[in-house]
Amino acid sequence: MVDRLKALVQPLLGPVGATVAVMACGFLLVLAISSDPILAYRDLLFANFDSASNFALFVNRLTPLLLIGLGVIFSFRAGIFNVGGEGQLYLGAMAATATALAWPSAPGSLLVALAIAAGVAAGAVWCWIPGVLKVRLAVNEVVTTLMLNFVALLITEYLVTNWIRDKTAYGAVSFVIPERAWIAEIPGLPGATIGALAAVAIAPLAWLALFRSEWGANLRAAGANLRFAEAIGVDASRQVVIAMLISGGLSGLAGAFYVLGIGHRFEQNFSPGFGLIGLTVALLARVHPIGVLATAAFYALILNGAGYMQIDTDVPRSLVGLLSGFLVLLMTVRPRRGAAPA
């Protein structure tokens, strides 16, 4: 029993320790630049719970981080480093918007289903491209997924400024989608959509798929050693492509949920960098689908809290970017063992 408990707690020590260390260093920085550091940190960590509207914003911020983080976990477990979440998010949002605008008279439940399916498919196809290039031509997936981000952003920018732009609104935004395509709010929490509940429900399903199924075992075998997996009869290349489809599909789902539940239209710069933050969320969770629930909640907490902190104090919200960089640094540092002293 003690050994099981130790095995459960041991993987958490690194992320928790790194988070505590970074937050402590952040407080020292706030102490040096702010006349009221206690209020600044109070806003950063607890302002999300001051009102129902604040908490709804926190829930909505959690949704894309959780979905993109789960997508990164699937690709990482297959041995692929998918850094294209941002592009897949944008294409998913654009596909959902275009679908909702194309069939404005369709029944509400059908229209929502079609828009969500379009968003998932767009993200999946965009991630399928680097997956196929990786297994067939050995093209580095970091380069392809990163470069495809820019292509996706340019495609969506062109569409929203030329084809579906609402010229009566300020900025590059699409027409508002039909109200029948909006997804419902969480009962008792106005402003927060059921997309968050769907995202939370996907996390344990991802755990079951990855760690309690034959398919998940084959996927992880392919990620651990592609040639060995093929030698024992696993179609490793197929597993990698499937993982990339799931990874991109989850990011596309995040984009669809944003349009259908929060923005109700496509906006050219609606994401504050969800793709990169989602990648950080997955790494901080040690690419575990249950751990990502906590890390996504933590990032949503401080991202929203940074805005409240900047309003109430003289501490800029860019502090969160600095803390995130320190956190990634601490999570990736590994001490050298057995090295001879200089």
For Val320, Val135, what's the largest-to-smallest order of accessible area, 1.4 Å probe?
Val135, Val320
Hey, could you get me the Stokes-Einstein D for the chain, Kirkwood radius over alpha-carbon pairs, 10 °C and 1.306 mPa s, rounded to whole µm² s⁻¹?
75
Need one word for segment 228-340: rounded, prolate or oblate. Basis is the Cα gyration tensor (sqrt eigenvalues a ≥ b ≥ c); a/c below 1.5 gives rounded, then a/b vs b/c decides.
oblate
Carbon and sulfur %, accessible surface of the chain computed with the full protein complex present, 1.4 Å
68
For labels at Thr168 and Ser109 in the simple 7 Å Cα→Cβ model, what's the distance in nm?
3.2
What is the dipole size for segment 100-215, taken about its Cα centre, with +1 at each Lys and Arg Cβ and -1 at each Asp and Glu Cβ, in debye to the nearest 20?
180
Taking only protein heavy atoms and a 1.4 Å probe, what accessible area per residue, in Å², does the chain have with all protein chains in place?
49
When the charge dipole of segment 199-342 is computed with +1 at the Cβ of Lys and Arg and -1 at the Cβ of Asp and Glu, the Cα pointing farthest to the positive end, of Thr295, Thr313, Ser271, is that of Thr295
Using +1 on the beta carbon of Lys and Arg, -1 on that of Asp and Glu, and nothing else charged, what's the dipole of the chain about the Cα centre, debye to 20?
980
Compute the Cα gyration tensor for segment 45-143, then decide on rounded, prolate or oblate, letting a ≥ b ≥ c be the square roots of its eigenvalues: rounded whenever a/c is under 1.5, prolate when a/b is larger than b/c in the other cases, and oblate in all that remain.
oblate
Run the numbers for Val16 and Val176: contour at 0.36 nm per residue of separation, minus the present Cα-Cα distance, in nm.
53.4 nm
Given charges at Cβ of Lys, Arg, Asp, Glu: segment 220-295 dipole, positive-most of Ile262, Val281, Gly248
Val281
Does a label point 7 Å from the Cα of Ala231, set along Cα-to-beta-carbon, have any residues of segment 50-92 with amide nitrogen under 19 Å, and which are they?
79
Explain nothing, just the number: relative contact order of segment 41-171, from Cα pairs under 8 Å at least 6 residues apart, as a whole percent.
25
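The values are calculated or read from the model by the stated rules, or taken from the named source; none is laboratory data. As the structure is a computational prediction, the values presented were derived from the model and not from experiment. Cβ coordinates were reconstructed from backbone atoms using ideal geometry, including for glycine residues, and neighbour counts include every protein chain displayed. Ligands, DNA and RNA are excluded from the accessible area calculation, which covers all protein heavy atoms including side chains. Shrake-Rupley method; radii C 1.70, N 1.55, O 1.52, S 1.80 Å.
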